[in-house]
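Visitor: Once you've had a glance at the structure underneath, I'll fire off some questions.
What follows draws every value from the coordinates through simple rules; no lab data is involved. Everything quoted here is computed from the prediction, not taken from an experiment. Note: ideal-geometry Cβ built from the backbone for every residue, glycine included; neighbour counts use all protein chains shown.
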């Protein structure tokens with residue numbers, strides 16, 4: 001750089017330094033205008049609506065959509081879904097197979113809340129959103145190998161943070177809690193987490209899960225409801241409808257998903273054989289409702305033990321060595337009479 005060039009550059013820097021406050025203010029104003037202009041353009045082109053944001057508890061979204069995924073698909077091909085959380089229906093348990101759209105529904109609810117509270121329109125037909133103080137999500141799998149933490153450990157750490165910090169004004173979105181350990185451990189953890197959020201925290205919660213045992217929870221938790229992501233079964237093929245509906249489902253369609261992913265035909269066929277054998281071993285009743293998913297002669301995972309039969313207890317306590325032959329015959333006749341009355 002020549003001497004004259006250095007002088008001119010130094011003079012320019014001096015002029016800019018004198019006006020730095022005005023330049024920074026202009027930059028901040030332009031940045032805000034850029035954000036609001038971008039949101040306004042997207043609201044118009046994406047057919048967003050102005051949400052009603054209030055200080056209440058209820059969160060009601062009608063035909064909400066995912067603002068990113070819908071842009072990656074052909075227009076009108078994204079299936080919208082509605083969601084409703086009130087104090088009387090604050091926990092939603094969502095079952096359904098992989099690829100059905102459970103995680104997308106979780107994410108679009110969270111994104112609609114964030115957009116509404118930052119002052120943006122939202123991708124929905126209508127929206128009434130009670131402001132939330134915190135939004136917690138546990139979606140997707142990750143690990144921390146450098147820190148010596150497995151995927152399951154990371155999942156449990158994040159779940160712990162949610163349970164310790166959520167308040168009744170929070171929104172909690174959970175996807176597949178407990179899947180990184182054994183089935184019984186996973187079900188137990190998922191069950192206890194849901195109970196805690198329902199009973200102790202009282203926040204709005206949506207929990208997507210493959211654990212069909214959790215469909216028993218609404219029978220025990222007053223403010224919990226079951227939902228499922230609809231699937232149309234057509235023999236050996238399935239059609240994912242991506243539509244959220246009331247009620248649970250007791251099928252996962254995992255083998256169908258594997259078939260769609262390109263697993264070799266012999267592997268798919270063998271998997272079906274093993275599945276049938278396992279269902280027969282566990283005496284599962286296909287198509288039965290959640291509370292009757294097992295044979296009546298087998299206790300469910302969370303069933304209470306049956307009350308002891310008084311006649312059996314009486315027989316156990318009977319001292320046969322102290323009975324005379326006549327007393328023994330009389331007792332036996334009495335037992336026969338009582339059994340006959342039961343029949």
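Visitor: In whole Å, how far is the Cα centre of the range 316-343 from that of the range 150-179?
Guide: Value for the Cα centre distance between the two parts: 58 Å.
Visitor: Who wins for biggest fluctuation among 268, 229, 257 in a Gaussian network model of the chain, springs between alpha carbons below 10 Å?
Guide: Comparing 268, 229, 257 in the GNM, the peak value goes to 268.
Visitor: Let me ask something else about it. Using only DSSP helix segments of four residues or longer, with each worth -39500 (n - 2.57), what per-residue ellipticity at 222 nm results for the chain after dividing by its residue count and rounding to 500?
Guide: One gets -13500 deg cm²/dmol as the mean residue ellipticity at 222 nm.
Visitor: Turning to a different aspect of this structure: Quick one: angle between helix 325-342 and the longest Cα principal axis of the chain, in degrees between 0 and 90, rounded to 10, please.
Guide: Taking Cα atoms only, the helix is inclined about 50 degrees.
Visitor: If only Cα atoms are counted, what is the Rg of the range 48-262, and what is its Dmax, in Å?
Guide: That works out to 17.1, 49 Å for Rg and Dmax.
Visitor: Enter the angle in degrees (range 0 to 90, nearest 10) between the Cα long axis of helix 183-196 and the first principal axis of the Cα atoms of the chain, meaning the one along which they spread out most.
Guide: Value to nearest ten degrees: 70.
Visitor: For the range 28-112, list log₁₀ I(q)/I(0) at each q in 0.14, 0.15, 0.26 Å⁻¹, using the Debye formula over Cα point scatterers of equal strength and ignoring solvent, two decimals each.
Guide: For the range 28-112, the Cα-only Debye profile gives -0.63, -0.71, -1.38.
Visitor: Starting with the highest mean, order 120-126, 164-170 by the number of other Cβ atoms within 10 Å, averaged over the residues of each peptide.
Guide: Averaged packing, sorted descending, gives the order 120-126, 164-170.
Visitor: Sticking with this structure for a sec: Order of 37-48, 106-117, 193-204 by packing, highest average Cβ count within 10 Å first?
Guide: Packing proxy ranking, top to bottom: 106-117, 193-204, 37-48.
Visitor: How far is helix 265-281 tilted, in degrees, relative to the longest principal axis of the Cα atoms in the chain, given as a value from 0 to 90 rounded to the nearest 10?
Guide: 40
Visitor: Could you grab the relative contact order for the chain? Cα pairs under 8 Å, six or more apart, rounded to a whole percent.
Guide: Averaging sequence separation for qualifying contacts and normalising by length gives 17 percent for the chain.
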